[in-house]
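These notes are about the structure you will find just below.
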Amino acid sequence: MSRSFRVGPGGRLVGRIRVPGDKSISHRAVMLGAIADGATRVSGFLTGADAISTMNVFRALGVRIEGPAGGRVIVHGVGLHGLRAAAGALDCGNAGTAMRLLMGLLAGQRFESTLVGDESLSRRPMRRVAEPLQRMGARIETNDGCPPVRILPGDGLHAIRYELPMASAQLKSALLLAGLYASGETVVIEPAPTRDHTERMLRAFGVEVRSAGPAVSLCGGQALHGAPVDVPADLSSAAFFLVGAAIAPGSDLTLEHVGINPTRTGCLEILRRMGADIEILAPRRAGGEPVADLRVRSAALRGIEIPPELVPLAIDEFPALFVAACCAEGRTVVRGAGELRVKESDRIATMAQGLAALGFDTRPTDDGIVIDGRGGDDAVFRAGRALAHHDHRIAMSLAIAALRASGAVEVDDTTNVATSFPGFVEAARGLGLDIEEHGE
Ligand code: S3P
């Protein structure tokens with residue numbers, strides 16, 4: 001049985017909230033903690049299904065993990081060579097990050113593993129990771145480039161120097177993790193900066209990671225030492241409320257302890273360029289990551305041409321940004337965002353369909369979208385029923401659109417919201433969204 005949302009039209013978002021922990025950092029805390037020496041104590045861990053999938057995978061690989069209890073997790077590391085073969089296939093659920101980073105990490109092990117995922121993950125491209133790993137000497141089989149992924153023990157990995165064909169932090173991270181098991185220095189060159197949580201956390205765990213312009217490199221065989229990880233609130237989850245407060249007149253919202261790593265803040269820059277009123281309050285550090293409180297108040301938005309260099313830095317926030325663009329005066333143009341087509345759904349197509357179901361036509365292109373926004377304070381969407389296509393971020397973005405709708409917005413297939421934002425419905429309701437959830 002699937003769940004669905006029914007969101008009443010209008011309203012505003014007011015109050016303070018700390019959204020759940022960062023998904024990217026939660027995955028990495030478990031992975032690096034598992035192959036470290038000693039214990040890694042994690043606070044603020046995301047108890048969403050994606051991060052839990054990663055935890056369960058490492059339990060199956062012989063790692064003792066306590067929690068999550070109140071966002072606290074203790075990973076009892078087994079050291080670089082302490083993982084053991086699992087009894088069965090390793091289920092990554094909906095989590096592309098889990099699967100891709102695990103491919104890199106498992107490529108260096110002396111045992112066989114099989115990675116599987118749900119329906120959406122089973123359609124996502126894995127060749128982009130398998131191919132460079134094979135060049136490093138890994139033995140990897142895919143189902144025509146998609147999961148399941150079978151990783152066989154080989155004769156050991158050797159370092160490569162690799163120019164990434166696309167801006168992907170998952171691919172960069174997979175190669176760095178494989179590089180820990182490779183002889184020599186693995187060098188990864190990015191076409192554009194992407195999130196650097198892996199590099200930061202590796203350094204915090206005592207690994208020497210070098211950065212020189214677009215190149216990041218590490219030498220194999222370095223031991224990791226367990227370290228505390230304070231996971232900030234996920235900017236990608238905060239983004240739904242940032243957009244919601246920006247578009248709903250009378251809103252005034254503070255999002256607490258949000259990660260503002262500069263490789264993630266493209267959405268803040270884009271919203272500000274669109275005229276959003278966002279204040280960054282009390283900037284500070286949590287572990288190796290910058291965090292702040294974000295105060296957002298509604299403001300008149302205007303359409304912009306999104307600078308291509310901001311695209312990888314806002315890649316997960318585009319579904320919500322499309323909603324903002326619909327409510328902005330004038331045209332918003334997104335280009336160079338073809339990666340959106342291979343996320344949990346084809347986010348260009350699924351958002352265009354969802355917005356059309358709410359009476360708003362957009363113009364999707366191969367690698368982006370053109371949105372002629374309506375501006376003003378009136379409703380820009382009408383009552384309708386839209387599909388989330390198994391994609392958490394599509395579901396939450398369409399729910400937020402109800403703030404500027406003339407009638408109720410229904411969103412079907414919302415079960416996967418729990419992958420990244422458990423408690424979304426209660427959180428959104430507490431801030432003023434008239435949202436109910438139905439189904440099992
Ligand atoms: C992630 C990287 C991004 C992002 C995903 C999480 C990560 O994917 O979309 O949600 O944690 O490294 P790509 O690196 O494939 O763009």
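A few notes on this one:
- Residue within region 100-109 that is away from the ligand (no atom under 13 Å from the Cβ), surrounded by fewer than 23 Cβ atoms within 10 Å (Cβ to Cβ) and more than 23 Å from K23 (Cα to Cα) present: yes
- In region 312-343, the residues that are touching a Ser or Thr at 6+ places or on another chain (Cβ under 8 Å), open to solvent by 30 Å² or more (accessible area, probe 1.4 Å) and among the acidic types (D, E): E339
- Among the residues making up region 34-57, those that are open to solvent by less than 10 Å² (accessible area, probe 1.4 Å) and away from the ligand (no atom under 16 Å from the Cβ) are A34, I35, A36, T40.
- The single condition among (1) touching a helix residue (DSSP H, G or I) at 6+ places or on another chain (Cβ under 7 Å); (2) outside the structural domain of A405 (by TED's automatic domain parsing); (3) within 16 Å of the ligand (Cβ to nearest atom) that R200 does not meet is (1).
- Of residues in region 288-302 being assigned to a loop (DSSP other than H, G, I, E, B) and in contact with a Lys or Arg (Cβ under 8 Å, 6 or more places away or on another chain), the one surrounded by the fewest Cβ atoms within 10 Å (Cβ to Cβ): G288
- Contact annotation: no residue pair with Cβ atoms under 8 Å, 6 or more positions apart or on different chains, pairs a residue in region 267-284 that is assigned to a helix (DSSP H, G or I) with a partner that is of a type in the set (F, W, Y).
- In region 65-77, the residues that are in contact with a helix residue (DSSP H, G or I) (Cβ under 9 Å, 6 or more places away or on another chain) and either outside the structural domain of A89 (by TED's automatic domain parsing) or of a type outside the set (G, A, S) (or both): I65, P68, V73, I74, V75, H76
- Number of the exception - F322 against (1) closer than 28 Å to R363 by Cα; (2) under 21 Å from the mean Cα position of the chain (by Cα); (3) more than 16 Å from the ligand (Cβ to nearest atom): (3)
- Qualifying residue in region 232-248 (condition: at pLDDT 95 or above, on the phi < 0 side of the Ramachandran plot and open to solvent by 20 Å² or more (accessible area, probe 1.4 Å)): no
- Among residues of region 407-421, those that are open to solvent by 40 Å² or more (accessible area, probe 1.4 Å) and under 18 Å from G244 (Cα atoms), counted: 1
Listed here are the residues, each with its yes/no results for (1) within 14 Å of V209 (Cβ to Cβ); (2) open to solvent by less than 60 Å² (accessible area, probe 1.4 Å).
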position	(1), (2)
E131	no, no
R150	no, no
D155	no, no
S168	no, yes
K172	yes, yes
T194	no, yes
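- Tabulated pairs, region 1-27, first open to solvent by 50 Å² or more (accessible area, probe 1.4 Å), second within 16 Å of the ligand (Cβ to nearest atom) and at pLDDT 95 or above, C-beta under 7 angstrom, 6+ apart or interchain: R18/A233
The values are calculated or read from the model by the stated rules, or taken from the named source; none is laboratory data. All of these numbers come straight from a predicted model, not from anything done at the bench. We place every Cβ from the backbone using ideal geometry, glycine too, and count neighbours over all the protein chains shown. What goes into the accessible areas is simple: the full protein's heavy atoms, side chains included, and nothing from ligands, DNA or RNA. Shrake-Rupley method; radii C 1.70, N 1.55, O 1.52, S 1.80 Å.
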